């Protein structure tokens, strides 16, 4: 039986959590953004795009315009050749980026470009461990911190592997955002939450991204359960494509995460040769604007 709300630090103290004394200060941008959203009385929109999709310059222009369009946090995919948790739309986006020459080094350069004009919007990199391992964990974390990355989501590293990246990230001052899923039960949650920071990302559907619609009632129940175990903000993603869906999810969560719908919008703007057109940029910005309005109007 639950004994009432506990903080993430409480959970960490009962499991393998890294002591606060060993964590370097993070940028504070994620915490500040969720604090601001609470003051505004609304939930946020986390917008996912793939780094380098469909090419570096177009991706940079898309990122630059996302906050003005209505995105509160940015989630940037790190292209990888074997993305086991991604659905077809995001897999195709990653392949487009790789074919255009995108690398992890260039992904960090993309963040640096974004930070030239925006020092406030939180940026979280999402992907897989292999490219980071190949880059070198320490070198990657140093560069990520330098260019302005606020957090990481690495989908193929469970809590049992925290020493590989999660704990080094926390010691470097980079948040490590953990995924919880419909199959994450109360016995598993303490391990999942022990070293989580920034926010918790609840995956609203079982399976890969972009293949099923999120169920608002089930997501609301899951968010309530998570909040009994942690004081971290809870963002809900997977299966959100329309403003009405985003508003429904955001009514209970601290943020709604939209990814597949945005990368499909970028793909729809490609020409017959698969090259970027203005529609790649305007289409995704327009969609983010509609999603953001749905969330904000739902908060009234």
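The values are calculated or read from the model by the stated rules, or taken from the named source; none is laboratory data. Keep in mind it's a predicted model, so treat the numbers as computed, not measured. FYI the Cβ positions are ideal-geometry reconstructions off the backbone, even for glycines, and counts take in every protein chain you see.
Some observations on this one:
- Sole residue being within 24 Å of residue 107 (Cα to Cα) and surrounded by 13 or more Cβ atoms within 10 Å (Cβ to Cβ), chosen from 24, 59, 36: 59
- Helices (runs of 4 or more DSSP H) completely within the stretch 1-111 that count 1 or more residues being within 22 Å of residue 122 (Cβ to Cβ) and modelled with pLDDT of 95 or more: 29-40, 56-69, 88-99
- Of residues in the stretch 154-163 being touching a helix residue (DSSP H, G or I) at 6+ places or on another chain (Cβ under 7 Å) and assigned to a loop (DSSP other than H, G, I, E, B), the one surrounded by the most Cβ atoms within 10 Å (Cβ to Cβ): 157
- Selected residue (only one of 132, 84 is surrounded by fewer than 22 Cβ atoms within 10 Å (Cβ to Cβ) and under 22 Å from residue 176 (Cβ atoms)): 84
- Hey, residue 276 in contact with a helix residue (DSSP H, G or I) (Cβ under 7 Å, 6 or more places away or on another chain) and more than 27 Å from residue 67 (Cβ to Cβ) or not: no
- Filtered residue count, the stretch 171-198, keeping only those that are over 20 Å from residue 146 (Cβ atoms) and touching a residue at least 40 places away in the same chain (Cβ under 8 Å): 10
- Restricting the stretch 180-205 to residues that are out of contact with any helix residue (DSSP H, G or I) (no Cβ under 8 Å at 6 or more places or on another chain) and surrounded by fewer than 20 Cβ atoms within 10 Å (Cβ to Cβ), the residue that is nearest to residue 28 (Cα to Cα) is 181.
- Looking only at the stretch 227-250, and only at residues there that are closer than 18 Å to residue 185 by Cβ and surrounded by fewer than 21 Cβ atoms within 10 Å (Cβ to Cβ), the one that is modelled with the highest pLDDT: 227
- Residue count for the stretch 266-293 under the criterion of being without any contact (Cβ under 8 Å) to a residue 24 or more places away in the chain and surrounded by 24 or more Cβ atoms within 10 Å (Cβ to Cβ): the result is 0.
- Conditions (1) on the phi > 0 side of the Ramachandran plot; (2) part of a helix (DSSP H, G or I): number failed by residue 168: (1)
- The lone exception for residue 125 - which of (1) in contact with a strand residue (DSSP E or B) (Cβ under 9 Å, 6 or more places away or on another chain); (2) under 27 Å from residue 275 (Cβ atoms); (3) in a helix (DSSP H, G or I) it fails: (3)
- Candidates 118, 138, filtered to the one that is more than 22 Å from residue 44 (Cβ to Cβ) and surrounded by fewer than 23 Cβ atoms within 10 Å (Cβ to Cβ): 138
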